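Colleague: Input: one structure, supplied below.
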Amino acid sequence: MKYLPIFILSLCTAPVLAADPLIFYCERTEKNYTEVYELKISPASKIQKAKVFVDGRDLDRSDELGRQSVKHVLITESTVLISMEAHFAPEHFDGVQYGVGSVATVTTINRSNGQLRKSETIQGGILSATLGEGTRFYQEQCTASAKP
């Protein structure tokens, strides 16, 4: 009976410890350009959905130009899976009218070797006109932040 308060306290703190964010430092290289960025993944809790941040920017965003949302985050011992969608309003740029567009992104991170793989499917809009419609695949390398 004397250990009951300790047991109850451990039950209350265990979910908090399990919900610590994962932080990765990732490097993206394309042609002669290299970018290093911080990717922070906060697991879902009972009161909030999972959140994803790149260099401190919340990837759940919405404004007059469109909306982007993190749909699913799955964290296992070996893998992190992130699914996102972005929808863009029609826009007029440089004398050209572009229709609505969307991008569906699926990102996986192998937690043991830090390999990040991303697939983006572009449909319509200015991105389709400039990058091309369809699915593209990317690979990056990440390093997990040491736990404090």
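Each reported figure results from applying straightforward, stated rules to the coordinates on display, with no laboratory input. Every value quoted in this text rests on a predicted model; they were computed, and no experiment measured them. FYI the Cβ positions are ideal-geometry reconstructions off the backbone, even for glycines, and counts take in every protein chain you see.
Colleague: Please give the calculated 222 nm ellipticity per residue for the chain, where each DSSP H segment of at least 4 residues contributes -39500 (n - 2.57) and the sum is spread over every residue; nearest 500 deg cm²/dmol?
Modeller: Helix-only estimate at 222 nm: -4500 deg cm²/dmol.
Colleague: For the chain, take the longest principal axis of its alpha carbons; what is the angle in degrees between that and the long axis of helix 4-18, to the nearest 10 within 0 to 90?
Modeller: 20 degrees
Colleague: Here's another thing I want to ask about it. From the P(r) of region 67-147, could you give the percentage of C-alpha pairs in the tail past 22 Å?
Modeller: So the pairs more than 22 Å apart make up 37 percent of the total in region 67-147.
Colleague: Which three lengths, in whole Å and largest first, does the chain cover when its Cα atoms are put on their principal axes?
Modeller: Projected onto its principal axes, the Cα set of the chain covers 76, 33, 22 Å.
Colleague: Return a whole-number percent for the relative contact order of region 59-116, with Cα pairs under 8 Å and 6 or more residues apart as the contact set.
Modeller: This gives 28 percent for region 59-116.
Colleague: With an 8 Å cut-off on Cα pairs and a minimum separation of 6 or more residues, tell me the relative contact order of region 24-148 in percent.
Modeller: Reported relative contact order: 19 percent.
Colleague: Turning to a different aspect of this structure: Which residue fluctuates the most in the chain, going by a Gaussian network model with Cα springs under 10 Å, if the choices are LEU22, LEU116, LEU131?
Modeller: Ranking LEU22, LEU116, LEU131 by mean-square fluctuation puts LEU131 first.
Colleague: Right, next: Let me know the number of lysine pairs in region 13-148 closer than 27 Å at the Cα, not counting same-chain pairs under 8 apart.
Modeller: The result is 18.
Colleague: OK, next. Sticking with the crude label model, points 7 Å out along Cα→Cβ, report the distance from SER83 to ASP20 in nm, one decimal please.
Modeller: 2.9 nm
Colleague: Right, next: With point charges of +1 on the Cβ of Lys and Arg and -1 on the Cβ of Asp and Glu, referenced to the Cα centre of the chain, which listed residue (SER83, ALA104, PHE137) lies farthest in the positive direction of the dipole?
Modeller: Final value for the positive-end residue is SER83.
Colleague: Who wins for biggest fluctuation among TYR33, TYR138, TYR98 in a Gaussian network model of the chain, springs between alpha carbons below 10 Å?
Modeller: TYR33
Colleague: What ratio of Cα Rg to 2.2 N^0.38 Å holds for region 105-148?
Modeller: Taking N as the residue count of region 105-148, the ratio is 1.53.
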